[in-house]
Structures are given as structure tokens and as C-alpha cells.
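J.: This is the structure I have questions about; it appears just below.
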Amino acid sequence: MSSIFESQFRASATKLTADLRHRSLIRKALKGYEKSRDEKKARFQDWEAARQAAAETKWEAINHLDKYLSEFADNLARRGAKVFWASTAEEARNYILNLAREKQAKTIIKSKTMTSEEIHLNEVLAKAGYEVVESDLGEFIVQLRDEAPYHLVFPAMHLTRNEISHLFHEKLGSPETDNPEELTMTVRRDMRIRYCKADIGISGANFAVAETGMIAITENEGNARLTTSLPKIHVALLGIEKVLPKLSDLALFLPMLATVGTGQQLTCYNSMIGGPRQPGETDGPEEFHVILLDNRRTHLLADAEQRDALHCIRCGACLNVCPIFRNVGGQTYGTTYQGPIGSVITPHLRGLRDWKHLSFASSLCGACTEACPVKIDLHHHLLQNRRNAVVLGTGKLDRIAFRGFAFLVNHPGVFGVAVKAGRLVQRLHRLIASSKIDPLRAWTASREAPVIAKESFRQYWKSRHK
Amino acid sequence: MTISLFIPCFIDQLFPSVGISVVRILEKLGHKVDFDESLVCCGQPAFNTGCWNEARDVAIRVVDGLKNAEVVVIPSGSCGAMIRVFYPEIFKGHPKQEAALSLAHKIYEFSEFLVDRLGVVDLGSRFPAKVTFHNGCHGLRELRLKQQPRQLLRHVKELTLVEMDDQTSCCGFGGTFAVKFPMISTAMGEAKCASALETGADFLVSNDSSCLMHLQGLLSRKKEKLKSIHLAEILASF
Amino acid sequence: MSRRDEILGRIREGLRLRVHEPKRAATSSDGVRTGLTTREWLPAVPNDPEGIVETFARNCVELRTQYYRVTGLPELSGKLFELKDSEGWKLIASHRDPILDSVLPSLGLPFLLAEDRPATADVERADVGITRCDALIAQTGSILLTARSAGGRALSVLPPHHVVIARESQLLPDLPAAFELLNKTYGDAYPSLITLITGPSRTGDIERILVLGAHGPRTLTIILLRDPR
């Protein structure tokens, strides 16, 4: 029994896997990234040791999460920041809505935060009458198109410059151009005014440093710096799992995030923000609100087998190497978090019954686990999700089929009969192969079926020993 | 030594020459080969589909059957990975846990058995052709097999090995994935076939027949001349 | 129960099931701490002063950061004058600092100072933001600055050109050294913003083609000031 989400996934996957233009566009985009990534990785004196250290650091943070979260919140509060603990998406949204109302805000500017997508913040704010603008270029583009981000690091990866030019022409009135620089400058000019006007700036955070009570934001454009500097009120929204124990841990995590996230040594701006404007500082927000979001992360934490999925630093490395992602694209997943990590955690965050299909839509090649900078056991977690789905009572047909198979296997006599029958069926099958009535159509629609050999290995072995 | 062969059902019925090649090679090296025909399946299809209890029902037979084996060889990276990496998982806390662990320690994929266990890289084989090698993912990432097949191929006379672009990317078979999500499986396979065809090779080689079955299915449908062949079949050409 | 206690409670409950600790990277297989740290895993940096400067310069080229090395204040003034003419600066934004105080007036241009709390709209009109910094980092070609050392948060990101003046003694080899410096300089009283700047602002969001000056400065100039012998 497939959920509506599975049906949507299948429909989108069917469409996109047949789209050869899409396939080659994504391949081209990722080839450039791969070259840069490999080059930066090679500069590390010991990339594997760095991965191990990163895994170890995140283990420490997550397995003592109560201690480090408390430290983080207390240090922030000491410097005048307001910390709000949100158990659910609704609580987080309401906090922001109440704040906006209280401050009589009109415009809100945002820098890139997947967590805000997770809680559907933009829709709710727009409905309440606030003007919300995404300042990150990629996010701005998909916001104008009213669609979900294609990739968690490169939201507009699936669009050509001509499509973007046409979009800007239509929505912003700018002249059509195929020059990426001109397109970027159009947005730069538009955004400048908004930064200066905005009443509230909402950001995410890549890391939350417990030792010093700071959030760390990694970016290239500078839009997050402006979002968190100019408006009078800065709100940072982050999942509770973003915690790192020490400030100096960033010396390891920032270059690793950049290396596999974008193929850079470091991104242009890595900012650590620890409070509103402090006494003696010449500018900066008057108020700094930090929203710590649970939204079922504690549910994942309690699953000891898959707890390490909370180590994720949202770098996108697993998406970039995943052959499923490369062929179906990020929007097909239908969830905030895409690719291998999304397939692993979405059942925990949104329910296994509705989202188990993502764990089955994988060949389990393991490239994701190999690529993960914090060594999350991604592909094995997909196997565990599959097992959990069966334990839940789904996949009854599969269980029956495999029980039948186990019976055959454990009764060689019956197995022999089945094989003989198979040879007969094979001849008949050739008549209907690939047609609409072919029961093996899932295979034969695109592939020739393998042929049962005239003499099996068993028969060969028997004849040797006559 | 006496080597116990485990020939999984799809090789037995669909690609018997792979098993026959393994026998010929091991006997040429002077070893005695044993085969228990009651061992049909390692249980991976059920395991991969989340039916771990059903997988174990099938696996128990394997664990019992190979209890007294000195060493076990299987010409499939994915089945080898199932036994070495996942049997310890599905037998955790089970009465047969110890037997399962013992089996996990004595099972070898065919190419790693030759190179790592026997220390043999040159079998005196001859195969005049240009070939390209596809790494089956389970073998590559669960068993860390990358160098062993290549070392063996490099010693085959008159054989030229060319590596394809994206050589470590998945072919798209993935067991039941191939029929549960055929559109994705096919797209992945097409990309892999394209990379293989670009090399201009005569043969596409792998140490996993399941990958070859999927890729050959695509190549045959497109009527491509590139032929798939198992590593053992090349090595048995002496 | 407060919201905080609710969440912490769920965390503690979830953590009752223990997960075994991963093998430590900085430990050999027989459990001995090897003393290796982040420094040993990150990209290597030479340990001689000239090697460090060369590494920094090389990174600047790769990042498209303009980089100059001058000796003494007169040469610094001269370089700024050159840039003023070649870039066509009309209005400068900057902050109070001994070095800046001595070179800015000689440029003959109006300048806004962060300490005077200029309106954002005015800073927006500036052609260049000239700041000091806490350090330069050779390993990555980065600038480390804070709201306290560089005239606030907006000054180094709002104007389209950012010029940083650093003493040669501020050039550090690597990232670990930068974090050690932060700790030493600020102790427990950190500024509200610390930023690592690595190259001019950029984006690859359109077909992965590199475009500079997405929102932050399009041009980044670093002037390394040596003291005259």
C-alpha cells in the first residue's frame, strides 16, 4: 500500500529519469564541483583522519546534547540574546509571528535556512501579510518560481541562465540577458534596498558553538552577513543538533564543510555571532533571538541505531555522489531534506509509513557513506529503515514472497521442480515479453531478460561425479 | 586445501559458466573443490527488502551447511558482502551467532581469495581483447575490492584494460530495486553503459554477475556489440 | 515545566540508550594518544616566515583577492592614493584606528567613521570600506576580523570595495592559530560578530558560473604593512 507521497515520488522520478536534457545538465553541473572537491580534498594532509576527528567531535556533541545545548543557551543569554526552545514547528512559527506583530514589522529578509523550509515559515508569514524575501540568489530564484529548492546547497541547479533571465524579466521587469553577471547584479541592486528597509532578518545557522554561545553561518554571497547586520532584529532558527562543543572545532568543520559542500578551501564568509550589538559596538541588531528547534529530532536521537544521523552538517556531499539524486533531482523527494540523508531522517521526522519509499528507492551502493565528512552510516540506515518498515507491518506481499522463496530453498526437491517449470515458462514468456501483459514488465520494459542456461552449474557438477 | 564453493542460485541457473570457470581455476592451482548443492541462496534479496527474519531462515541453512568448511569461496561481491558484513548483523543474539561469525571470517569473494589469500596474480591466462572493468558496489565498498580484480587482469596475456569514466558509480541493479524502481535503475544503467561504450572496449568485465545481468540487458536491448563477461571466465581462458 | 526542560528531558530520556564511542582519530591502534591534532590533518603550511607570506599570496591569486605588500606608512599612503585614482573613489567609510587615523586624511576624500554612527544609507553610498583586522591566515588566504576590530558589522560588507590593512606580524599560518588568537585576545568577552573573510563575495548559483560581488564586496584588497627596518 503506497502512500500519496510515494505515488508523487514515482511520478516525478518517471518523468525526470526519462529527461535526457535534465540528466546532462546535472551531470555537467556536478562535474565542475567534483573536480574542485577532489582538488581541495587532496590538499588535506590526512582527509580520512579529519573525517574520523569530525565524527568523534559530533559523537561527543550529540551524545551529551543536553549538556552542550544548555551551555550554548546560557552563554547566549549572558550576552543579551533571547533563547526560545521550540518543541514543534508550530511553536517556532508562532514565536516569529508574535515577534513580528509585537515589533509591527512589515518586511522580513531571510538568508538561506533549510530549517525554515522544514517548518513552512515563509508560507505562514506571507499569509499573515508580511513581505518575506529570500536574499540568497538561488533561494530567491526558486522563491520567484514558487517551487522547492532543487538541492540543499545549490537551490537553482536545475535552471539555465535563459530560464532565469526570462523569470527576472517577467517578475522584476529587468531586460533579458544571457549574461550571468548581469542577472546577478539585477538581484544585488534589488536586494540592497530590501536589506536597508527590512525590520527583521531571519537566518539559519550551520553550527552552534556551546563553549562561547555563538552561531556560525557559512556562505559565499554576503547576504547572510547583511541579513544579520542591518535589520534591528535578528532571528536565528536552528535545529538542536547543530551543536559543536568548542569554538576551535570550527577550525576543522569550516574547511571540511567547504571542501565537500562547494569544493572550496573555505567559503567567502564564515561568521560567528554571539549576541545582539554589545556595549561599545558601532552597529548591529538591537535584539538577537535564537530559536532552538526540536521538531522530532529527539525522536531520532532516541533511536540509538540511527542516532549518528544527527551528526549531519548539511554539506550536501551525499547528494552530490548519489546516483539516485543525479537522476531524479532534488524536488522529486518531496521533502525538505533530500538525497541519502533526507531518505534516512524523513521517516523519523515525518513518519515511517508515509516516507519509507525513499529508503527503498536506493541501490544501496554506499557512495553516500563513503562521502560523508562525519562518517554517518547512511546506506546501512536505509537498510534499517526497510527492516523497520517491515516490522511495522508494511510489505506483507514481500514477506509472503520471501517466505515462499525460503520454503523452496529449504526443500531442494521442490526447488528442482520449480526450476524445470521455470524453463517452460521462459519459452512462453518470450512470446509476451515487454508487452502489457508481461508480468516481468518491470524488467523487460527497458532490458532484455536473462536466459536460463541449458545446463545449470548443479547439473554440470553432478555429471562430473558420475 | 579443500575449498568449499558457494554458487548462488542466479549463477547456478543463469551464468553457470562462471561457476565452472572458478572450478577450473582452483583445480589448476592444485586445490580440491567441494560443492554442496543444497546451498542455494545467501538470503540477500529478503534482507535488502527489510524481511530480516525471512533472510535469516534462508541464511541458517547456509551457516549450517558450511559449518565444517575450511574456507568458502563465492564468485559474487554482493553475496560475499551479505555473509561477511550482514550475517553478523542478522544473527546478533541468535543461538547460531557464533557459527555465523565463524562463517563470516572464512568466506572470500573469488578475486580476493586468489590475490589476498593464495597470493596468486598470474594464472597463465590469455584473453586477447580490450576490456573495461565495472566494480560491483558491494564488493567495492563493503569488501574493499578494487585492486584485486585489476591485478589479476593485468597479468592476462594480450589483454588491454581501459578504465571508464565514473568507474566507481553504481550500475543501478541494487537487487529488488531493479524492479521496484525500474525507471531509476534503467537511467543509472544507461549512464553506466554509456561510460563503458565510450572506452571502445570489446568486453565489459565485473566480479558481480548481477551487475552484468542488468547491464547486458540494457546493452542487448540497444543491440550494442559490447559483451559482458565475468572476471572468472576471462581468467579461465588458459 | 518550561519549554527548555521539556526538550532537555526528552534528550536525556533518548540518551539513556548508549551508543559506543568511535575510535579516536588522535589515537594509535593500541590506544595511545598520538598528539596529532587538526593542524596535522589540514593542508600543510610552511613554517618559515617567507613561506607563510608566499602561501598567503598564492591563495589571494586563486581567490581573486588583490594583495599588496608595502613598507612603512608613506608607502601605504601611496598605495591607497593609487587605488583611489584607479578605482575612482569619492567617498570612504572607515573606523578609528592609529594607522587609519594617520593615512586617511591625506587621501583628500570625505570619509565616514563607524564610531560616528553614520546612517546605513550613507555607508551604502561609500565606494570603499577601509578596515583593520585581527589577523590574516596564510593557509586559506583569509582575513579574521570582528565587530570590534573593523568598525562594526556592516562596514566590511556593505561598500562594493573592501580594503584591509594588516601588519605583517598579524599574518598567522593556519586556522587553529586563528582560533588560539581569538581566545587570547578576547578571553571571555567576545565581540558579537567574528568573521572569516576568504576572497571577494561570489556566487555559482547560475549554471555554476562564478560571478563576483553577489551581495558583499566585489573587490577585496589586502595591504600587508611591514615595519621599516
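The values are calculated or read from the model by the stated rules, or taken from the named source; none is laboratory data. Computed from a prediction, not measured in an experiment: that's the story for all the values here. So basically every Cβ, Gly included, is an ideal-geometry build from the backbone, and we count neighbours across all protein chains shown. What goes into the accessible areas is simple: the full protein's heavy atoms, side chains included, and nothing from ligands, DNA or RNA. Shrake-Rupley method; radii C 1.70, N 1.55, O 1.52, S 1.80 Å.
J.: Taking the Cα atoms of the range A:55-156 alone, what are Rg (to one decimal) and Dmax (as a whole number) in Å?
T.: Expressed in Å, the Cα Rg and Dmax of the range A:55-156 come to 16.3, 45.
J.: Which number do you get for Rg(Cα) / (2.2 N^0.38 Å) in the range B:123-238?
T.: Details: Rg = 13.6 Å, N = 116, 2.2 N^0.38 = 13.4 Å.
Normalised Cα radius of gyration, the range B:123-238: 1.02.
J.: In 5 Å bins starting at zero, report the fraction of Cα pairs in the range B:2-116 per bin as a rounded %.
T.: 2, 12, 24, 26, 19, 10, 5, 1, 0
J.: Please list, in order along the range B:97-111, the HN-Hα scalar couplings obtained from phi with the Karplus expression 6.51 cos²θ - 1.76 cosθ + 1.60 (θ = phi - 60°), rounded to whole Hz, x for Gly and Pro.
T.: For the range B:97-111, the Karplus curve yields 4, 5, 5, 5, 5, 5, 5, 4, 7, 10, 9, 10, 6, 3, 5 Hz.
J.: What are the ³J(HN,Hα) values, in whole Hz, obtained from phi via the Karplus relation 6.51 cos²θ - 1.76 cosθ + 1.60 with θ = phi - 60°, for each residue of the range A:108-115 in sequence order, with x given for Gly and Pro?
T.: 10, 10, 10, 9, 4, 8, 5, 4
J.: Can you send over the solvent-accessible area of B:Lys92, 1.4 Å probe, protein chains only, in Å² to the nearest 10?
T.: For B:Lys92, the solvent-accessible surface is approximately 130 Å².
J.: So who's got an amide H within less than 5 Å of the one on A:Ile202, skipping anything under 5 residues away but keeping other chains? H placed 1.01 Å off N, in plane.
T.: A:Ile109, A:Lys110, A:Ser111, A:Val235
J.: With a length cut of 15 Å (Cα positions projected on each helix's long axis) and a Kyte-Doolittle mean of at least 0.0, go through chain C and give me the DSSP H helices that pass. Before the final figure, lay out the partial values.
T.: Numbers: long enough: C:3-14 (17 Å, -1.38); C:49-63 (21 Å, 0.17); C:72-87 (23 Å, -0.49); C:175-186 (17 Å, 0.27).
Helices passing the filter in chain C: C:49-63, C:175-186.
J.: In terms of solvent-accessible area of protein heavy atoms at a 1.4 angstrom probe, what is the ranking of B:Thr160, A:Thr17, highest value first? Let's see the in-between values first.
T.: Working: B:Thr160 75, A:Thr17 10 Å².
Final ranking, largest accessible area leading: B:Thr160, A:Thr17.
J.: Follow-up question, since we're still on this one. Please work out the ratio of the alpha-carbon Rg of the protein assembly as shown to 2.2 N^0.38 Å and round it to two decimals.
T.: Details: Rg = 30.6 Å, N = 933, 2.2 N^0.38 = 29.6 Å.
In units of the globular-protein estimate, the protein assembly as shown measures up at 1.04.
J.: In addition: Divide by every residue of chain C the summed helix terms, -39500 (n - 2.57) for each DSSP H run of at least 4, and state the resulting mean residue ellipticity at 222 nm, rounded to the nearest 500 deg cm²/dmol. List each step's numbers first, then the result.
T.: Numbers: 7 runs with 71 residues, N = 229.
Taken over chain C, the calculation gives -9000 deg cm²/dmol.
J.: Treat each spin label as a single point 7 Å out from the Cα along the C-beta direction, and report the A:Glu170 to B:Lys32 distance in nm.
T.: 7.7
J.: Let me ask something else about it. Over the range C:70-229, what is the relative contact order in percent, taking alpha-carbon pairs closer than 8 angstrom and at least six residues apart? Mind dumping the intermediate values first?
T.: Values: 301 pairs, mean separation 38.9, N = 160.
It comes to 24 percent, rounded to a whole number.
J.: Another question, then. Rounded to the nearest 20 Debye, what is the dipole magnitude of the range B:121-235 about its Cα centre when Lys and Arg each give +1 and Asp and Glu each give -1 at the C-beta? Don't skip to the answer; put the middle values down first.
T.: On the way: 15 positive and 12 negative charges, 29 e Å.
Dipole magnitude for the range B:121-235 comes out near 140 debye.
J.: Using only the alpha-carbon atoms of the range A:306-404, report the extent along each of the three principal axes, biggest first, to the nearest angstrom.
T.: Over the range A:306-404, Cα extents along the principal axes are 41, 28, 23 Å.
J.: Dipole of the range C:97-162, Cα-centred, from +1 at each Lys and Arg C-beta and -1 at each Asp and Glu C-beta, to the nearest 20 debye? Present the calculation step by step, with values, prior to reporting the outcome.
T.: Details: 5 positive and 8 negative charges, 33 e Å.
Roughly 160 debye, rounded to the nearest 20.
J.: Sticking with this one: Extending each Cα 7 Å along its Cβ direction at A:Glu48 and A:His465, get the distance between those two points in nm, one decimal.
T.: Between A:Glu48 and A:His465, the label points sit 4.2 nm apart.
J.: Can you tell me what share of the DSSP beta bridges in the protein assembly as shown is antiparallel? A percent to the nearest 5 is fine. Don't skip to the end; give the middle numbers.
T.: Values: 23 of 93 bridges.
If I count the DSSP bridges inside the protein assembly as shown, around 25 percent turn out antiparallel.
J.: Which value, in debye to the nearest 20, gives the size of the charge dipole of the protein assembly as shown about its Cα centre, when Lys and Arg are +1 and Asp and Glu are -1 at the Cβ?
T.: Working: 119 positive and 107 negative charges, 607 e Å.
In total the dipole reaches around 2920 debye.
J.: If the reach is capped at under 21 angstrom between alpha carbons, list the lysines near A:Lys462, excluding any in the same chain fewer than eight residues apart.
T.: Here the lysines satisfying the reach criterion relative to A:Lys462 are A:Lys420, A:Lys454, B:Lys28, B:Lys32.
J.: Additional query: Using amide H atoms built in the peptide plane, which far-off residues or other-chain residues are under 5 Å from B:Val33 H to H?
T.: B:Ile3
J.: Bin all alpha-carbon pair distances of chain C at 5 Å intervals from 0 and give each bin's fraction as a whole percent.
T.: 1, 6, 12, 14, 16, 14, 11, 7, 6, 5, 4, 3, 1, 0
J.: List the cysteines in chain A whose Cβ has no other cysteine Cβ under 4.7 Å from it.
T.: When partners are defined as cysteine Cβ atoms under 4.7 Å apart, chain A leaves A:Cys196, A:Cys268, A:Cys312, A:Cys315, A:Cys322, A:Cys372 without one.
J.: So, R0 is 45 Å and r is the distance between the beta-carbons of B:Lys106 and B:Asp202; what FRET efficiency does that work out to, to 0.05?
T.: Working: r = 36 Å, r/R0 = 0.81.
Step by step, r from the Cβ atoms, then E = 0.80.
J.: In addition: Roughly how crowded by other chains is peptide C:12-18, in terms of the mean Cβ count from those chains within 10 Å of each of its Cβ atoms?
T.: Values: counts 4, 4, 11, 11, 2, 6, 3.
What the average comes to for C:12-18 is 6.
J.: With unit charges on the beta carbons (Lys and Arg positive, Asp and Glu negative) and the dipole taken about the Cα centre of the protein assembly as shown, which residue among B:Ile74, C:Thr38, A:Met214 sits farthest to the positive side?
T.: B:Ile74
J.: Please tell me the relative contact order of the range A:49-295 in percent, rounded to the nearest whole number, where contacts are Cα pairs under 8 Å and at least six residues apart.
T.: After rounding, I find 29 percent.
J.: Taking amide hydrogens as modeled 1.01 Å from N in the peptide plane, which residues meet the under 5 Å criterion relative to B:Val120, leaving out close sequence neighbours?
T.: Close amide H contacts, sequence-distant or interchain: B:Val115.
J.: So if R0 is 41 Å, what FRET efficiency would B:Asp64 and C:Val19 give, r being the distance between their Cβ atoms, rounded to the nearest 0.05? Show your work: numbers first, answer last.
T.: Working: r = 33 Å, r/R0 = 0.80.
For B:Asp64 and C:Val19, the calculated efficiency is 0.80.
J.: Taking only DSSP H segments of four or more residues, each worth -39500 (n - 2.57), what value at 222 nm results for chain A once the sum is divided by all its residues, to the nearest 500 deg cm²/dmol?
T.: Working: 23 runs with 256 residues, N = 466.
After summing the helix terms and dividing by residue count, I get -16500 deg cm²/dmol.
J.: Evaluate the distance, in nm, between pseudo-label points positioned 7 Å from the Cα of A:Ala418 and of A:Lys82 along their respective Cα→Cβ axes.
T.: Result for the modelled spin labels: 6.6 nm.
J.: Which one, C:Ala177, B:Ala129, A:Ile4, projects farthest toward the positive side of the charge dipole computed for the protein assembly as shown from Cβ point charges (K/R +1, D/E -1)?
T.: Going by the charge dipole, the pick is B:Ala129.
J.: A further question follows. From the helices alone, meaning DSSP H stretches of at least four residues, give me the mean residue ellipticity at 222 nm for chain B, per-run term -39500 (n - 2.57), in deg cm²/dmol to the nearest 500.
T.: Here the helix-only value at 222 nm equals -12000 deg cm²/dmol.
J.: For the range B:8-33 and the range A:293-364, what is the separation of their Cα centres, given in Å?
T.: Distance between centres, Cα-based: 41 Å.
J.: Would you report the distance distribution of C-alpha pairs in chain B as whole percents per 5 angstrom bin, up to the bin with the largest distance?
T.: The distribution over chain B is 1, 7, 14, 19, 20, 17, 12, 7, 3, 1, 0, given as percents.
J.: Among A:Thr160, A:Ala205, A:Ile240, which residue has its Cα furthest toward the positive end of the charge dipole of chain A, with +1 on Lys/Arg Cβ and -1 on Asp/Glu Cβ?
T.: Positive-most Cα among the choices belongs to A:Thr160.
J.: Considering Cα pairs under 8 angstrom that are at least six residues apart, work out the relative contact order of the range A:348-427 and quote it in whole percent. Provide the component values of the computation, followed by the final result.
T.: Working: 31 pairs, mean separation 18.3, N = 80.
Across the range A:348-427, relative contact order equals 23 percent.
J.: So, one more: State the Cα centre-to-centre distance between the range C:98-135 and the range A:111-137 in whole Å.
T.: So the separation of the two Cα centres works out to 35 Å.
J.: Considering only C-alpha atoms, what is the centroid distance from the range C:179-198 to the range A:253-290, in Å?
T.: Value for the Cα centre distance between the two parts: 11 Å.
J.: Here is a further query. Cα-based Rg of chain A per 2.2 N^0.38 Å, rounded to two decimals? Can you show the working numbers first?
T.: On the way: Rg = 25.9 Å, N = 466, 2.2 N^0.38 = 22.7 Å.
Here the Cα radius of gyration is 1.14 times the empirical estimate.
J.: Can you tell me the FRET efficiency between A:Arg145 and A:Glu181 if r is taken as the Cβ-Cβ distance and R0 is 25 Å, rounded to the nearest 0.05? Don't jump to the answer; show the numbers that get you there.
T.: Numbers: r = 21 Å, r/R0 = 0.84.
Efficiency computed from Cβ-Cβ geometry: 0.75.
J.: Taking 0.36 nm per intervening residue step and subtracting the Cα-Cα distance, what contour gain separates C:Thr185 from C:Arg117 on full extension?
T.: Values: separation 68, 0.36 × 68 = 24.48 nm, distance 2.50 nm.
The C:Thr185-C:Arg117 span can extend by a further 22.0 nm.
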